[in-house]
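First comes the structure, then the notes that go with it.
The values are calculated or read from the model by the stated rules, or taken from the named source; none is laboratory data. Just so we're clear, the structure is a prediction, and the values are computed from it rather than from any experiment. These accessible areas exclude ligands, DNA and RNA; they are computed on the full protein's heavy atoms, side chains included. Shrake-Rupley method; radii C 1.70, N 1.55, O 1.52, S 1.80 Å.
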Amino acid sequence: MPGMRSPASSDLHCRIVHLLTKARRDAKLRQVDLAGRLSWQQAYVSRYETGERLLGVDEYVAVALAIGVDPVMLLKQALEISVGKRVDERPTE
């Protein structure tokens, strides 16, 4: 249904999309510019940025690289936001 979020849409996915969108804007890329780099239609970029469509892992990596950001570091940042601490921190025993 239009306007409804997919049940698969998670907080983590939303954070990833937010970080990708911020990175795109910080790189001064318009949606149409990013779409051109990916050989996608601009509407496809809009749909994932608004949450109408979920990105697959391969698409996520392609988008991050097209923007010029490290997909691993961006994912790490999203996870750090998720747990409220650095991912590489180890619990103390």
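The table that follows gives values for the structure above.
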read-out: Ranked order, SER46, SER39 - accessible area, probe 1.4 Å, largest first; value: SER39, SER46
read-out: Carbon plus sulfur fraction of accessible area for the range 11-78, probe 1.4 Å, in percent; value: 54 percent
read-out: Kirkwood estimate for the range 11-78, i.e. one over the average of 1/r between Cα atoms, Å; value: 11.6 Å
read-out: Å² per residue, accessible surface of the range 11-78 at 1.4 Å; value: 57 Å²
